[in-house]
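Chemist: A single structure is presented below for examination.
The values are calculated or read from the model by the stated rules, or taken from the named source; none is laboratory data. Owing to the predicted nature of the structure, the values given are computational and were not obtained by experimental measurement. A quick note on method: Cβ atoms are made from the backbone with ideal geometry, for glycine too, and the neighbour counts reach across all protein chains shown.
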Amino acid sequence: ARKYVVKRYFEGVPKRDDFEIIEYELPPIQNGEILVKAEWVSVDPYLRAYNNFRFPVPYDQFSYQVGLVEDSKDPRFPVGTRVVSHKGWCDYSVMNANVSNSPAEIIYKLPDMKDFSNSLGIGAVGLPGATAYFGLLEICQPKAGETVVVTGAAGAVGSLVGQIAKIKGCRVIGFAGSDDKVNWLEKDLGFDKAFNYKTVDVQKVLKKAAPKGVDCYFDNVGGEISSIIIGQMNDFGRVAVCGSISSYNDDFAKLPKATILQIPLVMKQLKIEGFLAPRWRDRWSEAFSDLYKWIKSGDLKTREHVTEGFDKLYDAFIGMLNGENIGKALVKI
Ligand code: NDP
């Protein structure tokens, strides 16, 4: 089997030789264990952010993956079952569902995707789906007619957030990093308005696109753009802080202090809440059933940025951090 190990703490953008591909012999499976061949492996922003928290190195590069059970000594997961796990960047692995009580050891059966690709299990019907669903519906609690803004709008989470907000009857404005992304959001996904944050004056375009102000902000990126958007929120607006990718390559110990948020927070009586999708882990199946239903009905469109090959995991990861992906970035093993 092969797996990627992170050897050290990243400095800035992760480098190829911060990772090592290790080849090793897997032991024969024991009672309660399954042998899983990875088929789809996820590359995500949190893999970069995690490394900043200085947990011990080296560590195996985790992430979500969809795999096929090839050998089984657990009757709940017979040969041929597809499982979602957090085993990450490896081609084969041995798993034990009986010790899967920590988030890192999660294993569950992939719901039957029928006519759709099993890769949805790490996308719209996986972590990004649950993140968009609970972050928007539980934290922002958008009501029909309200204006919702999302950053990172053309990514795995952001593209779902905007579409779910449309399904709930909201007006949706997205910010993303290229004109192609903006076109996709407006023409294919039905966003009311989208902008390339790299080329527009965010303050100005948002004033024009949301003349009555912003009610909900789903924040995927942090940084200055978030301060500008929060500055244009209405009384009792809600901010779901999902991520802060604009600072993941920075040293967290040296981040500048936010100074500009307090005034709108007080004056507009805003509610701002960070969250992690596993908070609702026991309700993910509820999200997955809605998300799958919307995909089937055509109300929710999904797009994937697929890179082929185990050897390309690093490239796919860096490509995603650089914004090369439209929709969910993943690797077909
Ligand atoms: P995406 O598919 O959105 O991919 C990352 C995108 O981030 C890139 O495509 C790029 O798009 C954008 N980006 C990169 N650098 C910057 C920057 N400096 N400023 C603004 N945008 C940037 O990833 P995900 O959908 O998987 O994740 C989106 C966010 O959600 C991340 O912050 C992630 O950490 C967070 N997340 C949080 C979870 C939770 O439980 N709280 C769970 C899963 C994800 P562009 O071209 O637009 O710049």
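Chemist: Within the stretch 91-106, can one find any residue that is within 16 Å of the ligand (Cβ to nearest atom), buried (at least 18 other Cβ atoms within 10 Å of the Cβ), at pLDDT 95 or above and β-branched (V, I, T)?
Modeler: Checked the stretch 91-106: no residue is within 16 Å of the ligand (Cβ to nearest atom), buried (at least 18 other Cβ atoms within 10 Å of the Cβ), at pLDDT 95 or above and β-branched (V, I, T).
Chemist: While we're on this one: Considering each residue of the stretch 296-306, count those that are more than 13 Å from the ligand (Cβ to nearest atom) and either buried (at least 20 other Cβ atoms within 10 Å of the Cβ) or among the basic types (K, R) (or both), and give that number.
Modeler: 3
Chemist: While we're on this one: What are the residues in the stretch 111-135 that are part of a helix (DSSP H, G or I) and within 12 Å of the ligand (Cβ to nearest atom), if any?
Modeler: To start, the set of residues in the stretch 111-135 that are part of a helix (DSSP H, G or I) comprises 118-122, 127-135.
Correct list: I122, L127, P128, G129, A130, T131, A132, Y133, F134, G135.
Chemist: State all residues of the stretch 1-34 that are touching a Lys or Arg at 6+ places or on another chain (Cβ under 7 Å) and hydroxyl-bearing (S, T, Y); if no residue qualifies, say none.
Modeler: Y9
Chemist: Related question: For the stretch 310-330, state whether one or more residues are at positive phi, under 20 Å from the mean Cα position of the chain (by Cα) and either part of a helix (DSSP H, G or I) or surrounded by 20 or more Cβ atoms within 10 Å (Cβ to Cβ) (or both). Outline the logic, then answer.
Modeler: Residues of the stretch 310-330 at positive phi: 323, 327.
Pick out the ones that are also under 20 Å from the mean Cα position of the chain (by Cα) and you get 323, 327.
Then keep just the ones that are either part of a helix (DSSP H, G or I) or surrounded by 20 or more Cβ atoms within 10 Å (Cβ to Cβ) (or both); that gives 327.
Yes, because at least one residue in the stretch 310-330 is at positive phi, under 20 Å from the mean Cα position of the chain (by Cα) and either part of a helix (DSSP H, G or I) or surrounded by 20 or more Cβ atoms within 10 Å (Cβ to Cβ) (or both).
Chemist: Any idea which of A165, A153, A194, A144 is in contact (Cβ under 8 Å) with a residue 24 or more places away in the chain and part of a helix (DSSP H, G or I)? Reasoning before the result, please.
Modeler: Details: A153 fails: part of a helix (DSSP H, G or I); A194 fails: part of a helix (DSSP H, G or I); A144 fails: part of a helix (DSSP H, G or I).
The conditions single out A165.
Chemist: Of all helices (runs of 4 or more DSSP H) completely enclosed by the stretch 199-270, which ones contain at least 1 residues that are free of Cβ contacts under 8 Å to residues at least 24 places away in the same chain and more than 15 Å from the ligand (Cβ to nearest atom)?
Modeler: On the way: elements: 202-209, 223-230, 262-267.
Once the helices (runs of 4 or more DSSP H) in the stretch 199-270 are filtered for at least 1 residues that are free of Cβ contacts under 8 Å to residues at least 24 places away in the same chain and more than 15 Å from the ligand (Cβ to nearest atom), what remains is 202-209, 262-267.
Chemist: Filter the stretch 139-161 down to the residues that are away from the ligand (no atom under 12 Å from the Cβ) and over 18 Å from S246 (Cβ atoms) and list them by number. Spell out how you get there, then give the answer.
Modeler: Taking the stretch 139-161 as the starting set, the residues that turn out to be away from the ligand (no atom under 12 Å from the Cβ) are 140-149.
Those that are away from the ligand (no atom under 12 Å from the Cβ) and over 18 Å from S246 (Cβ atoms): C140, Q141, P142, K143, A144, G145, E146, T147, V148.
Chemist: I318 - would you say it is touching a residue at least 40 places away in the same chain (Cβ under 8 Å) and not acidic (D, E)?
Modeler: Working: touching a residue at least 40 places away in the same chain (Cβ under 8 Å): yes; not acidic (D, E): yes.
Criteria met by I318.
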